[in-house]
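> Let me give you the structure first, and then I'll get to my questions.
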């Protein structure tokens, strides 16, 4: 029974989730503890399911697996995490939503999207609110990558799992072993989180708020403990700190690793420079555009625009102002930034800056070939030749991304949502951003979206998080053969 | 001096030829029987048919008493291993031809000396440097720098309207700080001029002097200054690649097109070069050249690795009206053909390499040596030892033979273009221009009276007694 092998790992993951829920529930102790029964039920069910899967899968936990199993495992893990992770919300009386709403909320958490169906976040008990933030932190660096880091050996091809979950056109490793790489990623991630928590506390936030926001900044998640998001903090220093850390989490983590090891050449990375240039330009344009709105206060509009541009481009989705009330130009620009996303190998979503950069270079080469038909040119990134396979993969991915955006927008408009709402909700879900424009804007929730739409958006969030291919292979009838092709194709 | 040359290809046979002419004892180790026989027939050298990275072969060649081992096979690794072995045998000087630059500069923990290599040479890179220099100073056919670039030697073709043409030499009014050291006319005539010699139009004139002065002197011989911006390189082999790389790194912006006929090689080049436009096509396909607008360029560099192709390209480029044409000579036999077709700027990688190695066969106070115009003259820079015969004498008193000329004296920051009454002091850097026939006499004038110092443990230098 080869399928059972997958169960073991999924079971362990669920047990781990249960443990994390307990950790979150601890925050409610000493308060009225309204969420205790909800957590108890959720933990019991999750742990039971986990134990069952473990027992079923235990005998066949070792041995070789196929690529198909590895890819399915990743997709299934995310679906299960969404289902069981949503249970605490569902069992909480004050939540008032359906099971689908709970699933949506948890998927939005794990995929670091940050879209919510809860209108009054502040009414939730602290334990549940913390669980919401924790889901984002766990999902940010990848649930499976976490397991790779923690569990050194289990039957699955760690290489495939790593590639399936890590965003970007090329899954880089900076140390020879995947397991070791995964450990470094989590270490850097955790260190940044601690640092940000401390800095936020220095800005005057209490431990709970500081930690909750750090947990959702580093994965570029965007859940806040307040209805009005970061704007509710009314703390300019904290806003600046969050802006900086959003920016940092949007940078390729390989660069963090290299900088940590005093490799100054990392700063010369073309993608990093492109990323900084795009963000700086967008921030300047938006600042100029919204300046009249803030009475010509340049500093304030710059702070607001920088925060919002970084938040959207890194696909975090915090709001420090109601950007849906900004002029048309700013709204359109932010909408397009949703597609762009952060750097490859970061915790951010979207199409990724690397891919856009590669496509631009590819286009320039095609132009050159028009006038020089015999020219032989290689697309390069950081002076390294990029293989044609990677380029094809990038073009294919970008096409699929746009295709799914179009289809989702169409489906949502069928459900009678207006164009702005439908398009921005689709882009926001695929890019793991969170808020959109119109009815799903920063001052509203996704409650306006009908049930079918929520299910669709949940799926798109997972699609966007796992970069489409990983999920898509599940739906192919001849999946096994396709799996082999994918593996043969290298890094897509 | 007892020298072992490993590898009898282009560089190897050039060296065998040159070194045996200079009365050194040369043993060549060559694996290819055909080549080995040919070398033995042509030159006065001993030839061993064997693999040079083999201990037994080296012993048979007499590595224990050799003064120098020069490994110039086609394969980097063989050359490196041969030098490492030779060093273990205590050979004082080892030279390896290494194409791959990563061996020389790639590592900070292992430099060539640790590998047992005293001199690492790459004919391709040297040729590329030479061509790059020509492109930066397109008026000159040949350029050499001395004393860290302060003194320079140029050779230029005198145009028919140039002011110095048809005037007796002694009436020439050259700006201070430079001197004409040689004139070459036609195929064989090469003179170190004096008194009544006259420069004919079309002759190649060798000028030596301060770099700053020489850079503006071209008006004496030519027309206006040429500025090269667009360069077309034909042939993406070692030289073509190295040159494109040099031009990419150059401070003056070049627009480089590189033509290569092999598709695989094109792909490889495009991975390693960044701004160069790499075109895949036959260098002599005129339709291709037209479509890709290759003819519309300032300079053509023909380094296809084949003399026939290079000659055709050179002639074509003349027809297109290209300002500067530089050709690579693969087989020295063809040198006169280039000359006859008016292709003045030629580069012979084997000769350049041989010059680099010959510098090594001389004494240690020799700073540089270059072979000019297909071995018709040599120019060298050396430090005058305290005990040399001409030290403390004036140039007139030193009584140099005809065919030997002190081009300049560099004393501290000063550059002196010597006249009869100028005195030669120990420690001076001298740039000397000689004809090859009398270059053997250099020792008599400039060598220290007695050998001492660093290479005291070396066996007596045979063949140098002359």
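FYI, it's all coordinate maths here, none of it is from the lab. No experiment lies behind these values; they were computed from the predicted model shown. Neighbour counts run over all protein chains shown; Cβ positions are idealised from the backbone, glycine included.
> Which values of log₁₀ I(q)/I(0), to two decimal places, follow from the Debye formula for segment A:3-249 at q = 0.09, 0.16 Å⁻¹ with a uniform point scatterer at every Cα?
-0.39, -1.18
> Using alpha carbons only, how many angstrom separate the centre of segment A:342-409 from the centre of segment A:447-474?
Cα centroid of segment A:342-409 versus Cα centroid of segment A:447-474: 24 Å apart.
> In what sequence do A:244, A:462 fall when counting other Cβ within 10 Å, fewest first?
Ranked by crowding around the Cβ, least crowded first: A:244, A:462.
> Still on this model: What do you get for Rg/Rh of chain A when both radii come from the Cα atoms and Rh is the Kirkwood radius?
0.96
> Please compute the volume of the convex hull spanned by the alpha-carbon atoms of segment B:355-446 and report it per residue in Å³.
94 Å³
> Starting from the Kirkwood radius over alpha-carbon pairs of segment A:208-292, derive D by Stokes-Einstein at 10 °C in a medium of 1.306 mPa s and give it in µm² s⁻¹.
108 µm²/s
> Could you check the simple spin-label distance between residue A:232 and residue B:55, using points 7 Å along Cα→Cβ, in nm with one decimal?
Computed distance between label sites residue A:232 and residue B:55 equals 8.1 nm.
> Provide the percentage of antiparallel DSSP beta bridges, counting only those with both residues in chain B; round to the nearest 5.
Antiparallel bridges make up about 50 percent of those DSSP assigns within chain B.
> In square nanometres, what is the average projected area of the Cα convex hull of chain B?
Convex hull of Cα atoms, orientation-averaged projection: 22.4 nm².
> Could you work out, residue by residue across B:290-296, how many beta carbons of other chains sit within 10 Å of that residue's beta carbon, and then give the average as an integer?
Averaged over the peptide's residues, the number is 2.
> Sticking with this one: I'm checking a number: the convex hull volume of the Cα atoms of segment B:230-347, normalised per residue, in Å³. What is it?
93 Å³
> Kindly put A:406, B:69 in sequence by how many other C-beta atoms sit within 10 Å of each C-beta, fewest to most.
A:406, B:69
> Separate question: Determine, from the Cβ-Cβ distance of residue B:359 and residue B:226 and an R0 of 30 Å, the FRET efficiency 1/(1 + (r/R0)^6), rounded to the nearest 0.05.
E between residue B:359 and residue B:226, to the nearest 0.05, is 0.45.
> Ok, one more. Give or take rounding to whole Å, what are the principal axis extents of the alpha carbon atoms in segment A:333-467, in descending order?
Principal extents (largest minus smallest coordinate, Cα): 55, 29, 24 Å.
> Using the alpha carbons of segment A:255-325, what is the convex hull volume per residue in cubic angstrom, as a whole number?
Enclosed volume per residue, from the Cα hull, is 100 Å³.
> At what distance in angstrom do the alpha carbon centres of segment B:281-334 and segment A:187-208 lie from each other?
Cα centroid of segment B:281-334 versus Cα centroid of segment A:187-208: 66 Å apart.
> Just counting partner chain Cβ atoms within 10 Å, what average do the residues of peptide B:272-285 show around their Cβ?
3
> If neighbour count is taken as other Cβ atoms inside 10 Å, put A:71, A:329, A:405 in order from fewest to most.
Listed from fewest to most nearby Cβ atoms, that is A:329, A:405, A:71.
> Moving on. Where both partners of a DSSP beta bridge lie in segment B:355-446, what percent of those bridges are antiparallel, to the nearest 5?
100 percent
> May I pose another question? What fraction of the Cα pairs in segment B:2-121, stated in percent, has a spacing above 27 angstrom?
Counting pairs separated by more than 27 Å, the tail of P(r) holds 11 percent.
> Taking the Cα atoms of segment B:227-287 alone, what are Rg (to one decimal) and Dmax (as a whole number) in Å?
Over segment B:227-287's Cα set, Rg and Dmax evaluate to 11.1, 33 Å.
> Note down the relative contact order for chain B as a percent, whole number, built from C-alpha pairs under 8 angstrom at least six residues apart.
Here the relative contact order equals 12 percent.
> As a test of the definition: which semi-axes, in Å, follow for segment B:128-220 when you take the square root of five times each eigenvalue of its alpha carbon gyration tensor? Largest first, please.
Three semi-axes, in Å: 21, 15, 12.
> Same structure, new question: D for the protein assembly as shown, whole µm²/s, Stokes-Einstein with Kirkwood Rh over alpha-carbon pairs at 37 °C and 0.692 mPa s: what number?
Approximately 98 µm²/s, per Stokes-Einstein.
> Could you order the peptides A:317-323, A:75-81, A:133-139, B:165-171 from most to least packed, using the average number of other C-beta atoms within 10 Å per residue?
Ranked from most to least packed, the peptides come out as A:133-139, A:317-323, A:75-81, B:165-171.
> Taking the DSSP beta bridges in the protein assembly as shown as the whole, what percent of them are antiparallel, to the nearest 5?
Beta bridges within the protein assembly as shown, antiparallel portion: roughly 55 percent.
> Provide the packing ranking of A:227-234, A:431-438, i.e. peptides ordered by the mean count of other C-beta atoms within 10 Å per residue, highest first.
Output ranking for A:227-234, A:431-438: A:431-438, A:227-234.
> Size of segment B:116-271 along its principal axes in angstrom, Cα-based, largest extent first?
58, 42, 32
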